[in-house]
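Participant: So that we are looking at the same thing, I have put the structure below in C-alpha cells.
Every read-out reported here was derived from the displayed coordinates using simple, explicitly stated rules and does not represent laboratory data. Please read all numbers here as calculations on a predicted model, not as lab measurements. Backbone-built Cβ (ideal geometry, glycine too); neighbour counts: all protein chains shown.
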Amino acid sequence: MLTRRTALASGALASAALAAPLHTLAQGKKDSVTLALTLEPTGLDPTAGAASSIAEVTLYNIYETLTKINADGSVSPLLAESWEVSPDLSTYTFRLRRGVQFQNGEPCNAAAVKFSFDRAGGDKSTNKDKRLFAGLTTRVVDEHTVVLLNQDIEPDLLFLLGQATAIIVEPKSAEGNATKPVGTGPYQLAAWSRGASITLAAWPQWRQAATIKMRRATFRFIPDPAAQVAALLAGDVDMFARVTPRSMAQFKDNPRFQLIVSGSRAKTILAINNARKPLSDVRVRRAIAAAIDRKAVIQGAADGLGVPIGSHYVPGAFGYADTTGINPYDPEKAKKLLADASVMLPLTLTMTLPPAPYARQGGEVIAAQLAKVGITVKLQNVEWAQWLSGTYGAKNYDLTLISHVEPFDLGNFAKPDYYWGYHSPQFNQLYDKIKNAARPADRARLLGDAQRLLAEDAVHVFLYQPQWVTVANKHLRGLWKDMPIFVNDLSALSWS
C-alpha cells in the first residue's frame, strides 16, 4: 500500500482582496480557515478536468468516494462501509452506508454509484481515468449493495476508487457540477470570486455535522511567490500548500509558523510532443535529455528539494527501477545525436510554461542548458486555463515543464489521444501484461521493464521527484504530513 509523502496541490490565477479583511477571517474566528493555493481550478467537477487543483478544493469536502485515502496511503471506508474482494481481484462487493443523502436531498444509493461509474467510463466521458472505469461493470444488487466486475487485475483499485475521478455524483445534477457542485460531503460551495477565491461552508445536514470544527473555509489563489510570502506574513492566510521552496528561509525559524516538507509521488518532467517533427525522432529526444543536467534543474526549479528520476516512476513506489543512468547528462553526446539525426542548427523550439514557480524557474535553467548544444528555446508563459486548453487539450506545444502528481499514471503512455503524442505497441503490450499480472513479483518485473522502455524511448526528459513545502499557522491542526494524493481534508482541521 502506498505510504509515500506528498504535499498539497494547486489551483490557478491572480490574487485579489476579499470584501472582508482576511486577517480578521484568518485570526479572529476559530471556526474558519483561509488556505492559499498557487493555481485556481477551472471548474469544480473533478470528473471533467485533469487539473489536480479541482480535487484539492472539492475532494472529501464537497464530494465523497466509496473509499477514503488516508495520509499514510491506507484506504478506509467512506460511502462504502465495508467491502469484499474475490481472490482473483475481479469482483468487488461494496455495502453502502445507509441514510446518506446528496446536498439536493436525493438519496445516495447503489443506483447513484452505478450512474457515476457508467458515466465515468462512457463514450462521452472526459474523465482522465476513463480507461479505468470503462473496464468496470457495475451491478446493483439492492439499494445498499453494489458489485464491481473488473476486466483487468488492478491491485490498487480500492486506492483508485478514493481519488477525485471516482466521486459519486447525483444523476440529476451531475452535468452542472463544474459551477454548481452537488455532493454528499461536509461542505457546500458558498461563493466563487473568479481569479481570487472560493469559499466553502459547512453543510448542516451532513451525517456527522456535529464533528466539523471549521464552519467556513476560503481558498485564495496566489501564483506570485512574493505575494505568497506577504500573505502568510501578514496573517491573511492560515496555510499555503506547495509554497515556492525558496520562501522556506523566511518561515523556518519564525515561531508563528509550522513548516512541513513532504515527499511525493509526483514526477516533474520536461514533456515532449512526440507527434511533432523533429521531436518524433528518438535521437532528437535523447539529445534533449543528454543536454539537461537534472541536478542543476532541481536546484534552480526547486531549491534542491527533489530526487532525480530517469523514467515516469519514483523511488519508493512498488516496482521502482533506477533508470537515471539511461540518459545521463552528456552535452557532447547531445550534439552528436543531433548531427546523426541531420538536424540543422540552431533548432528552435517553444517551451510552454504554466504559472507554477517551479515551471517558470526551471524553464529558464533548461533553456540555458539547451542553448549550449544548439537548441534555441523560446519560453512562452501561459496561465493555467491556457495550459489546460492549449497544451493539454489541443496538444499545441513543443516542450512543456509540468509535474504529474497522480500516484498510478503509467497508463497515460498507453492512451492513444493523450497530449504527449506517444504511440508504442511495445509499451501497450507491456502495460496490458502489468494489468493482468496476478503475482506481485511478476508485476514488479514488468513495471521495471516499462520504466526502462520509456527511458530508452526518451519519451520525455524525466527530471525529478519533487518535495513540497507547506507553511501554516502553528495553531492549525489536522494537516497531512504524509500525502499520497493532493487533498485538503477540511473536516479534519481545527484550531488548538
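Participant: Would you list which aspartates and glutamates come within 17 Å of K130, measuring only between C-alpha atoms, while excluding same-chain residues fewer than 8 positions from it?
Facilitator: Partners found: D45, D118, D152, E154, D156, E175, E406, D409, D417, D432.
Participant: Can you give me the convex hull volume of the Cα atoms of region 328-375, divided per residue and expressed in Å³? Can you show the working numbers first?
Facilitator: Details: hull volume 3.8 nm³, N = 48.
In region 328-375, the Cα hull volume divided by residue count equals 79 Å³.
Participant: Taking 4 °C and 1.567 mPa s as the conditions, I'd like the Stokes-Einstein D for region 229-305 in µm²/s, using the Kirkwood hydrodynamic radius from alpha carbon pairs. Provide the component values of the computation, followed by the final result.
Facilitator: On the way: Rh = 15.7 Å.
Result for D is 83 µm²/s.
Participant: Could you line up I167, I212 from fewest to most neighbouring Cβ atoms inside 10 Å?
Facilitator: Working: I167 30, I212 19.
Listed from fewest to most nearby Cβ atoms, that is I212, I167.
Participant: If you take the charge dipole of region 267-466 about its Cα centre, with +1 on Lys and Arg Cβ and -1 on Asp and Glu Cβ, which of L379, F318, A455 is farthest toward its positive end?
Facilitator: Checking the options against the dipole of region 267-466, the answer is A455.
Participant: Counting alpha carbon pairs within less than 8 Å and at least 6 residues apart, what relative contact order, in whole percent, applies to the chain?
Facilitator: Numbers: 1175 pairs, mean separation 119.9, N = 496.
Result for the chain is 24 percent.
Participant: Related question: Using a cut-off of 25 Å between alpha-carbon atoms, which lysines can reach K124, once sequence neighbours fewer than 8 places away in the same chain are excluded?
Facilitator: K114, K172, K180, K395, K415, K435
Participant: Ok, one more. Per residue, how big is the convex hull around the C-alpha atoms of the chain? Give it to me in cubic angstrom, could you? Can you show the working numbers first?
Facilitator: On the way: hull volume 64.3 nm³, N = 496.
With only Cα atoms used, the chain gives 130 Å³ per residue.
Participant: Regarding region 249-380, what whole-number volume in Å³ per residue does the convex hull of its Cα atoms give?
Facilitator: Details: hull volume 16.6 nm³, N = 132.
Spread over its residues, the Cα hull of region 249-380 gives 126 Å³ apiece.
Participant: Quick one: what are the phi-derived ³J(HN,Hα) couplings along region 416-432, Karplus 6.51/-1.76/1.60 with θ = phi - 60°, whole Hz, x for glycine and proline?
Facilitator: Per residue, the Karplus-derived 3J(HN,Hα) values read x, 10, 5, 5, 6, x, 9, 9, 9, x, 5, 5, 4, 5, 4, 5, 4 Hz.
Participant: Give me the dipole magnitude in Debye, nearest 20, for region 76-217 about the Cα centre, with unit charges on the beta carbon: positive for Lys and Arg, negative for Asp and Glu.
Facilitator: On the way: 17 positive and 14 negative charges, 159 e Å.
With Lys and Arg at +1 and Asp and Glu at -1, about 760 debye.
Participant: Taking K and R as +1 and D and E as -1, what net charge do the other residues with C-beta under 11 Å from the C-beta of S403 add up to? It would help to have the intermediate numbers written out before the result.
Facilitator: Working: positive: R242, R265, K267; negative: E406.
Within the 11 Å Cβ shell, the charges total +2.
Participant: Hull surface divided by four, with the convex hull built on the Cα atoms of region 294-357: how many nm²?
Facilitator: Details: hull surface 25.3 nm².
Averaged projected hull area, Cα only: 6.3 nm².
Participant: Which value in nm describes the separation of the simple spin-label points at S389 and E81, placed 7 Å from the Cα toward the beta carbon?
Facilitator: Once both label points are built, they end up 4.6 nm from each other.
Participant: Which shape class applies to region 98-143: rounded if a/c is under 1.5, otherwise prolate when a/b exceeds b/c and oblate if not, where a ≥ b ≥ c are the square roots of the Cα gyration tensor eigenvalues?
Facilitator: Numbers: a/c = 3.25, a/b = 1.71, b/c = 1.91.
Oblate shape, in that a/c is at least 1.5 and b/c is the bigger or equal ratio.
Participant: While we're on this one: Return the inverse of the average 1/r over all pairs of distinct C-alpha atoms in region 267-466, which is the Kirkwood hydrodynamic radius, in Å to one decimal. Could the numbers behind the result be given before it?
Facilitator: Numbers: mean 1/r = 0.0590 Å⁻¹.
After inverting the pairwise mean of 1/r, the radius is 17.0 Å.
Participant: Is the shape of region 68-176 best called rounded, prolate or oblate, per the rule: a/c under 1.5 gives rounded, else a/b larger than b/c gives prolate, else oblate, with a ≥ b ≥ c the square roots of the Cα gyration tensor eigenvalues?
Facilitator: Values: a/c = 1.38, a/b = 1.16, b/c = 1.19.
Rounded.
Participant: About the Cα centre of the chain, how large is the charge dipole given +1 on each Lys and Arg Cβ and -1 on each Asp and Glu Cβ? Please answer in debye to the nearest 20. Write out the running numbers ahead of the final one.
Facilitator: Numbers: 53 positive and 44 negative charges, 135 e Å.
It works out to roughly 640 debye.
Participant: With 10 angstrom as the radius, rank D123, D330, D156 by how many other C-beta atoms surround their C-beta, starting from the fewest. Intermediate results must be reported in sequence, preceding the final value.
Facilitator: Values: D123 6, D330 17, D156 13.
Lowest count first: D123, D156, D330.
Participant: Roughly speaking, what % of Cα-Cα pairs in region 138-262 are separated by over 23 Å, rounded to a whole number?
Facilitator: Numbers: 4364 of 7750 pairs.
Here the long-distance tail beyond 23 Å is 56 percent of all Cα pairs in region 138-262.
Participant: Picking from F219, Y92, T138, whose Cα lies most toward the positive end of the charge dipole for the chain (charges on Cβ: Lys, Arg +1; Asp, Glu -1)?
Facilitator: Value: F219.
Participant: Going 7 Å from the Cα of D88 toward and past its Cβ, which residues in region 141-174 have a backbone nitrogen under 20 Å from where you end up?
Facilitator: Output list for this probe position: 147-158.
Participant: If you take the charge dipole of region 267-466 about its Cα centre, with +1 on Lys and Arg Cβ and -1 on Asp and Glu Cβ, which of T391, M351, L370 is farthest toward its positive end?
Facilitator: The residue sitting farthest along the positive end of the dipole is L370.
Participant: Sum up the charges of everything whose Cβ sits under 12 Å from the Cβ of L79, counting Lys and Arg as +1 and Asp and Glu as -1, but leave L79 out. Display every interim value, and only then the final one.
Facilitator: Values: positive: K68, R95, R97, R98, R207; negative: E64, E81.
Here the charged neighbours net out to +3.
Participant: I've got another one for you. Just from its helices, what would the mean residue ellipticity at 222 nm be for the chain, if runs of 4 or more DSSP H residues each count -39500 (n - 2.57) and the sum is divided by every residue, rounded to the nearest 500 deg cm²/dmol?
Facilitator: Working: 12 runs with 116 residues, N = 496.
Value at 222 nm, helices only: -7000 deg cm²/dmol.
Participant: Right, something else. Tell me, what ³J(HN,Hα) does each residue in region 479-489 have, in order and in whole Hz, if you take phi through Karplus 6.51 cos²θ - 1.76 cosθ + 1.60 with θ = phi - 60° and put x for Gly and Pro?
Facilitator: 6, 6, 8, 8, 9, x, 9, 7, 7, 10, 7
Participant: Continuing with the same structure: Could you work out the local net charge near G300, counting Lys and Arg as +1, Asp and Glu as -1, over the other residues with Cβ closer than 12 Å to its Cβ? Kindly include the intermediate steps, with their values, before the conclusion.
Facilitator: Numbers: positive: R246, R294, K295, R360; negative: D293, D303, E364.
Surrounding charge for G300 is +1.
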